[in-house]
Amino acid sequence: MSSFKRKAVSKQPHIAQPGTRSSPSSAATIITSTGIPSLDDILGGGLPLSCSSVILAPDVHSAYAELVAKYYIAQGLALKQRTLVVGDSAQEFVSECMWTPGASGSVPSTSGTPGDEEEEGKASDHDNKVKIAWRYEQMKKFQTTVDSPNSSTEEFCSTFDLTCRIPEQVISEASAAQTVSFIPVSHQGDASPSDIVLNQVADILQKDRRSTPWATRICVPLFGSAEWGDIVPQNVIWFLYRLRRLLRQYPHSCAMVCPASHLCEDQWGGPGWIQKLAWVSDACITLSAFGGDPSLSAIFPSHHGMVHIHAQPAPHTLLPPSDRFSALRGVFASASSAGGVGENNLAFKCMRKRLIFETLHLDVEGGVGERRTTPASTFSPMEVGSSNNTPTEQLPSVDADASRLSGDVATVEVGLEESMAQTRIASHAVSQADEIAAARKPGKAKKKVAFRSDAPDLYDF
Amino acid sequence: MATFPPPDLLSSRQVVIVTDQILSPANFLLHRTLASHFKDHKDARCIVLLVSESISRWNAIASRATVNLAALIESQALRFLDMVKDIQPHLGTDDSTRSTLIRSLLQEQGDAQADQPTLILLDDISTLEWMGYATNELVKFLRALSILARKGNASLVVRHHVITPDTPDVLFRFLLQLCTYHIDVRPLSSGRSGAVNGEISLYRGPSNGTAHVKTTPRQRAVQYRLTDATAVYFEKGTGQAVL
């Protein structure tokens, strides 16, 4: 008899639920999609059941956290998962969600105009035709984000289109089937609204567990806004802490909380406030949009904000699955390549049809969003030095041109007085410069960057 | 290959505080402490005071470290006590949860045999303060807990989250006075890395009388890298990414 025994792998029974799958790191961890493939990647494949996530958006001029929450709700409705939405205007909030483009009854808000994706597709087709060298053909195409879900992953993560709105019929059917529930923020007696809401959520989860353990997603958009009354930092911590306890108690559920923008800064909760929020939640991500700082949007014209990751969910392991499996963060890739470099900088952008999270790169030219495959409108200084250029093509450097001309003239007019030669050379040079300037006039006017006012300056006497 | 913590660190009557930051959570140290306590001592006992970590996570990680928590709970060698009730504390006041907890702990200590190595593990004290418990009450509770541990020849491990490293808060300053050893888990100052998750230093506390475990100052901090179930320790500058 062999002394070696095959170790029995104890697999936890995974009841197949719509829209869930096992995490790549642990079979015990069941994940579900947030509706945004790139955010799923950042979280290590998806948001694990029994975990809470907090999306912070401190910028008061934009509502990207609510947009993420709408994706989360729309994904729940698309998968027919149990969805609980908390808030006095929860029904209205759900009716503003996006939907899949091909679905019957989805309402496109605009039609006929080509979207960003079509333009991007054309640009990529154009780029594909450009051959650089045969040896690079096998190289993987440079990507800044993860792929969109294809038909095989459609049952896990749907493809939503921001130009389509959720049909009324879907919401009414979901309400009738009790797939979606709206929990208002009520004030009764001495109890705080957060306790009342959490008690209601606990009742629903308890009831669901008795019947069918559906995967349940809880969404709290605009937590801490005016309808929640006067809340202090301790209330926020308590709400998030108790919500997480509740999720641990009912491990078939997960939650996303989007605090109101004024709660998302250290000024409100004191020093270390964001870290406190991260400690009492499983996943904590800040979407700091550029709305409040125009200089940042000038520096990063193709993005709408930066992504900061504070905490990552790890319900059954010490190492968060995101560290190993997130392609966008690239932490594990840096470890395996022995480079020891840190994680990628991440940013997000909201295009006409979708919101994506991607790695942040400066463009080759230093941040100018210029399409490099189109014919250049200006010529490089290298071409100016070539001998067979026509005068109209001779572009920028007048001084260089003049010196070349002066060299030619000097060889012709040998023997004249030095001073005369110099004046004639100068006059030739000036006339040539005038010709070049005249030839350049019909060209494209140079863009003016600096601010200029026609009014005289205060000290301009 | 370095090891951490030193073997005699959690011998009897030691009060050890573990401080960590959000980029380098010290959960792995708590899980390792529990697992090694039961592996090193045959008749060991442990009481885990739960605040942040869930029992399911304790179970999942212990099973990967080949420690069967279910059997330990059944044999009364391990107990999980919940520190928080489902009602939010009134701000700045105390409730009777922890006084009853102390009483039940005293009862258990009386039941236990004196030679049984006992570990009391409080997984998070900071969250209690953040959710509204008065700092003074928490200080009293910690003092009572440490006295209880010393009387019962037990060792006590308390974790505290540092959120403002430059300005230590009141609770942290008290814990520093109370402890015999202080384990500080910090992230790398250069940010997150896949090769190194953070570094650990070990200091002696002012309450340390006779115990002499070799300390690890910050200049020679032990670095670590997390795996799914455990952590790999190595000396500074000897990681796989460096060599």
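For residue A:304, enumerate residues with amide H under 5 Å from its amide H, sequence gap 5+ or separate chain, H modeled in the peptide plane.
Those lying under 5 Å, H to H, from residue A:304 are A:348, A:349, A:350.
Using a 10 Å cut-off around each Cβ of peptide B:126-133, what is the average number of partner chain Cβ atoms that fall inside?
Taking the mean over all residues of the peptide, I get 6.
Among B:36, B:234, B:17, which residue has its Cα furthest toward the positive end of the charge dipole of region B:15-235, with +1 on Lys/Arg Cβ and -1 on Asp/Glu Cβ?
B:234
Just for region B:15-235, what percent of DSSP beta bridges are antiparallel, to the closest 5?
Percentage antiparallel, nearest 5: 40.
Quickly rank B:76-83, A:346-353 as a protection proxy: mean count of other C-beta atoms within 10 Å, highest first.
A:346-353, B:76-83
Starting from the Cα gyration tensor of region B:15-235, take the square roots of the eigenvalues, sort them a ≥ b ≥ c, and report rounded, prolate or oblate (rounded when a/c is under 1.5, otherwise prolate if a/b is larger than b/c, else oblate). Mind dumping the intermediate values first?
Details: a/c = 1.41, a/b = 1.15, b/c = 1.23.
Taking the square roots of the gyration eigenvalues as a ≥ b ≥ c, region B:15-235 is rounded.
Based on the mean of other Cβ atoms within 10 Å per residue, sort peptides B:14-23, B:199-208, A:303-312 so the most packed one is first.
Answer by packing, highest mean first, reads B:14-23, A:303-312, B:199-208.
What is the distance in Å between the Cα centroid of region B:54-70 and that of region A:286-313?
With region B:54-70 and region A:286-313 each reduced to a Cα centre, they are spaced 39 Å.
Across peptide A:274-281, how many C-beta atoms of other chains are within 10 Å of each residue C-beta, on average?
Partner Cβ neighbours, averaged per residue: 5.
So what J values fall out for region A:281-293 if you push phi through Karplus, 6.51 cos²θ - 1.76 cosθ + 1.60 with θ = phi - 60°, rounded to Hz, Gly and Pro as x?
10, 7, 10, 9, 9, 9, 9, 8, 6, 8, x, x, 9
Would you tell me the mean number of C-beta atoms belonging to other protein chains that fall within 10 Å of each C-beta in A:236-243, as a whole number?
On the way: counts 2, 6, 8, 2, 1, 8, 5, 0.
So the per-residue partner count for this stretch is 4.
What does the highest-first list of A:255-264, B:175-184, A:289-298 look like by mean Cβ count within 10 Å?
Result, highest mean Cβ count within 10 Å first: A:255-264, B:175-184, A:289-298.
Please list, in chain and number order, the residues 5+ apart from residue A:21 or on another chain whose amide H is under 5 Å from its amide H, with Hs placed from the backbone.
A:31
All of the numbers you see were taken from the coordinates with simple rules; none came from a lab. Being a predicted model, the structure only gives us computed values, none of them experimental. Glycine also receives a Cβ, built like all others from the backbone with ideal geometry; neighbour counts cover every protein chain displayed.
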